[in-house]
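The structure appears below as structure tokens.
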Amino acid sequence: MDLSVDYLGLKLKNPLIAGSSGLSSTFEKVKALEKAGVGAVVLKSLFEEQIMFEADETAAQNRYEYPEAVEYLKAYSQNSQLEQYLKLIERCKNEIKIPIIASINASTEGAWVSFAQKIEQAGADALELNVSLWPGNFDTTSEQNEQHYFNVIEQVSEKVKLPLALKMSNYSAGLAHLIKTLSWTKKVDAFVLFNRYYAPDIDIENLKMSHSNILNFVPDPAVTLRWVALLSGHIRIPISASTGIRSGNDVVKHLLAGAQTTQVVSVLYQNGLGDINQMLIDIEHWMQRKNYKKIDDFRGLLNYKQAENPEIFERIQFMKYLSSLE
Ligand SMILES: Cc1cc2nc3c(=O)[nH]c(=O)nc-3n(C[C@H](O)[C@H](O)[C@H](O)COP(=O)(O)O)c2cc1C
């Protein structure tokens, strides 16, 4: 069986990518993911806010003893965290054979570009732009929110040559149009659909807001599958499916829907890295049973391209489904 796929201009030995998370935050962890068999690793995101926050904390601890050194300490702390990230990339590139995709999440225009340039110099194979779009600001319109994606890819693609993946949220009343228009800019080389967000909860005993454990909160797995199936036949840019993929069968489903690659995180936190091998075995067994020799033999077979009007297709499926329950 040939499980290899092309993604972001790279050859991956299989379509299973370890998504960005704490599981890829150190060299040892990335090495363990390689050993476990993934086709590529996305490093934990470098968050601009976190860098700024930690820099402030470092500076605050010294505020009273050396007030004149606060600014120096802040700058030093910011640089040293960025340096650590760049060193992680360099070491991974020297000692690890599978592709290394860096990831950034910035909040200011300058940081998107300067982080991306430094990451390119450090030798990453590609860069995932983790753009957090959370439409909870009462003063921002949908157009203004979505413009953010265009701004980020415009700024970064102008300054770096690295292959770029745009990791998006599924919030948008016009998601299909948005992604189609983003694909027309030709400024990104892949879409990662979708990111996973903090999930709020309420503690009814202590009457306070809380949050669900990110790993126990199971997102609806059909969300990613639906959008991959809908979009993959209509845009020319590859999609990496992310969120809710927990088994070899899930990987097969997303490939049939048209994804180029699939990303896993939560299942690895919960079950350990041993699941990677099992998922790959299950994909191979399925391919053997169906007589497929390579991924492209079946990738996209079940996307919505055949449905002339996907909106009506979904509506009819939904009505059929509901009437079957009556
Ligand atoms: C503990 C944890 C940490 C994560 N950290 C990041 C991160 O640093 N950057 C990022 O882009 N996504 C991050 N994610 C999101 C994952 O990369 C992935 O998109 C998401 O978890 C969906 O896949 P899953 O259903 O397999 O968990 C994180 C997810 C988890 C569970």
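The values are calculated or read from the model by the stated rules, or taken from the named source; none is laboratory data. Fair warning: this is a prediction, and the values are worked out from it, not measured in the lab. Positions of Cβ are backbone-derived with ideal geometry, glycine not excepted, and every protein chain shown enters the neighbour counts. To get the accessible areas, we keep the full protein, side chains included, count just its heavy atoms, and leave off ligands, DNA and RNA. Shrake-Rupley method; radii C 1.70, N 1.55, O 1.52, S 1.80 Å.
Tabulated data for the structure shown
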{"quantity": "Test result for Lys208, away from the ligand (no atom under 14 Å from the Cβ) and in contact (Cβ under 8 Å) with a residue 12 or more places away in the chain", "calculated": "no"}
{"quantity": "Answer from Asn170, Asn137 - the residue that is surrounded by fewer than 21 Cβ atoms within 10 Å (Cβ to Cβ) and within 16 Å of the ligand (Cβ to nearest atom)", "calculated": "Asn170"}
{"quantity": "Test: Tyr321 is modelled with pLDDT under 95, hydroxyl-bearing (Ser, Thr, Tyr) and out of contact with any strand residue (DSSP E or B) (no Cβ under 8 Å at 6 or more places or on another chain)", "calculated": "yes"}
{"quantity": "Neighbours by Cβ (under 7 Å, 6+ apart or cross-chain): first from the stretch 281-308, hydrophobic (A, V, I, L, M, F, W, C); second modelled with pLDDT under 95 and open to solvent by 40 Å² or more (accessible area, probe 1.4 Å)", "calculated": "Met287/Met1; Ala307/Phe313"}
{"quantity": "Residue list for the stretch 186-213, restricted to those being assigned to a loop (DSSP other than H, G, I, E, B) and open to solvent by less than 90 Å² (accessible area, probe 1.4 Å)", "calculated": "Lys187, Val188, Asp189, Phe194, Asn195, Arg196, Tyr197, Ala199, Ser212, Asn213"}
{"quantity": "Any hit, the stretch 289-305, residues being at pLDDT 95 or above and either acidic (Asp, Glu) or within 16 Å of the ligand (Cβ to nearest atom) (or both)", "calculated": "yes"}
{"quantity": "Counted residues, the stretch 259-285 - those being part of a strand (DSSP E or B) and within 11 Å of the ligand (Cβ to nearest atom)", "calculated": "3"}
{"quantity": "Selected residue (criterion: nearest to Val41 (Cα to Cα)) from residues of the stretch 259-279 that are under 17 Å from the mean Cα position of the chain (by Cα) and open to solvent by 10 Å² or more (accessible area, probe 1.4 Å)", "calculated": "Val265"}
{"quantity": "Helices (runs of 4 or more DSSP H) within the stretch 1-112 that include 3 or more residues modelled with pLDDT of 95 or more", "calculated": "27-36, 70-95"}
{"quantity": "Restricting the stretch 100-113 to residues that are among the small types (Gly, Ala, Ser) and open to solvent by less than 40 Å² (accessible area, probe 1.4 Å), the residue that is farthest from the ligand (Cβ to nearest atom)", "calculated": "Ala111"}
{"quantity": "Enumeration of residues in the stretch 214-241 that are open to solvent by 20 Å² or more (accessible area, probe 1.4 Å), outside any loop (DSSP other than H, G, I, E, B) and more than 16 Å from the ligand (Cβ to nearest atom)", "calculated": "Leu230, Ser232"}
{"quantity": "Gly244 being away from the ligand (no atom under 14 Å from the Cβ) and at pLDDT below 95", "calculated": "no"}
{"quantity": "Count of residues meeting criterion [among the aromatic types (Phe, Trp, Tyr) and within 16 Å of the ligand (Cβ to nearest atom)] in the stretch 1-40", "calculated": "1"}
{"quantity": "Candidate set: the stretch 1-31, residues that are among the hydroxyl-bearing types (Ser, Thr, Tyr) and out of contact with any strand residue (DSSP E or B) (no Cβ under 7 Å at 6 or more places or on another chain); chosen: the one least open to solvent (accessible area, probe 1.4 Å)", "calculated": "Ser21"}
